[in-house]
Every structure is written in C-alpha cells, then in structure tokens.
Amino acid sequence: MDISLVAKQSGVAASRLRYYEEKGLICSIGRDGLKRVFPPGILQRLALITLGQSVGFSLDEIAGMLGTDGVPEIDKARLLEKADELDARIKRLSAMRDGLRHAAQCSAPSYLECPKFQRLMQHATKADKKQRRSGAAFGQKKPAR
C-alpha cells in the first residue's frame, strides 16, 4: 500500500506516517516512484499505535511494545498499571463533574460561598500543583527530551 492509501484508510495524515517511520514505529518496504510503500499489516500496527496513544502511552512506550518482528510485545503489568492510572483519573474527573453539577444548582448566594464549590477549587489547585511538580499533564508522563 502506498502512503496516500494508508493515510486514507487509517485516517492518519501522511506527515504523521513519515514521523512514525522516523521514530521507528513503522517501516516502509520500498517506494513507488516518490511515494513510500508499506506492508499489508500497517493498518493493524497503526491501530495499535492509536490505541496506545488514546490510553496515554507515549510514542516511546508504544515503540517498546510493538516489537521488531511485527508481533507486539505488550507488557501485561504495564497495561494494568495504565488501567489503574485511568481509574484514578476517572475518579478525579467524576468528582470534578459532580462538583460542577452541584455548583450549577447550588442555592448559596455566590459560588464562592458554596462549600462544595470551595472544595472543588481546592482539589483543582492541589491537582495542578501535583502535575506541575511531576511535569505531567492530564495524568500522562512528561515527554522525554
């Protein structure tokens, strides 16, 4: 499959495909004129990359799980760790959602006088400080430089 067909079928931009190839996540098998050509399993590999990113794995982490022979080498312990991170994030986001719903219906004269809204602001401040200290955003690891 040439790069334009891969981009069309996968929904991944050609520029991103070239970037993934540069990072070693995918490999072309040749060229058709000026266009890169990819092996038949490329769409499945791209789906794995997309799935990994959607749950918060970095491209470097994903590269380590893809394997070199086309067979993924997925660390089950790392999957469980990531699932636990997602559970914690869901819990935080659910609490924030509930606080916002309460604030929208709160009978206090102002949001700043609502105890639940006060707790929501304190929680957000603590979470932001924690993320800044760890260099993380949205519960993800700080990118390697």
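The values are calculated or read from the model by the stated rules, or taken from the named source; none is laboratory data. The shown structure was predicted, so the numbers you read here are calculated from the model rather than taken from an experiment. Neighbour counts run over all protein chains shown; Cβ positions are idealised from the backbone, glycine included.
Miscellaneous remarks
- Subset of segment 101-119 (residues that are assigned to a helix (DSSP H, G or I) and exposed (fewer than 13 other Cβ atoms within 10 Å of the Cβ)): Arg101, Ala104, Gln105, Leu112, Glu113, Pro115
- If you go through segment 66-92 and keep only what is within 17 Å of the chain's Cα centre (by Cα), aliphatic (A, V, I, L, M) and at pLDDT 90 or above, you end up with Leu79, Leu80, Ala83, Leu86, Ala88, Ile90.
- Count of segment 48-61 residues which are closer than 17 Å to Leu80 by Cβ and of a type outside the set (Gly, Ala, Ser): 4
- In this entry, Ala136 passes the filter for residues that are small (Gly, Ala, Ser), out of contact with any Cys (no Cβ under 8 Å at 6 or more places or on another chain), modelled with pLDDT under 85 and surrounded by 10 or more Cβ atoms within 10 Å (Cβ to Cβ).
- Where helices (runs of 4 or more DSSP H) sit wholly within segment 1-73, those with at least 1 residues that are under 27 Å from Ile90 (Cα atoms) occupy 42-54, 59-66.
- Qualifying residue in segment 49-57 (condition: at pLDDT below 85 and of a type in the set (S, T, N, Q)): no
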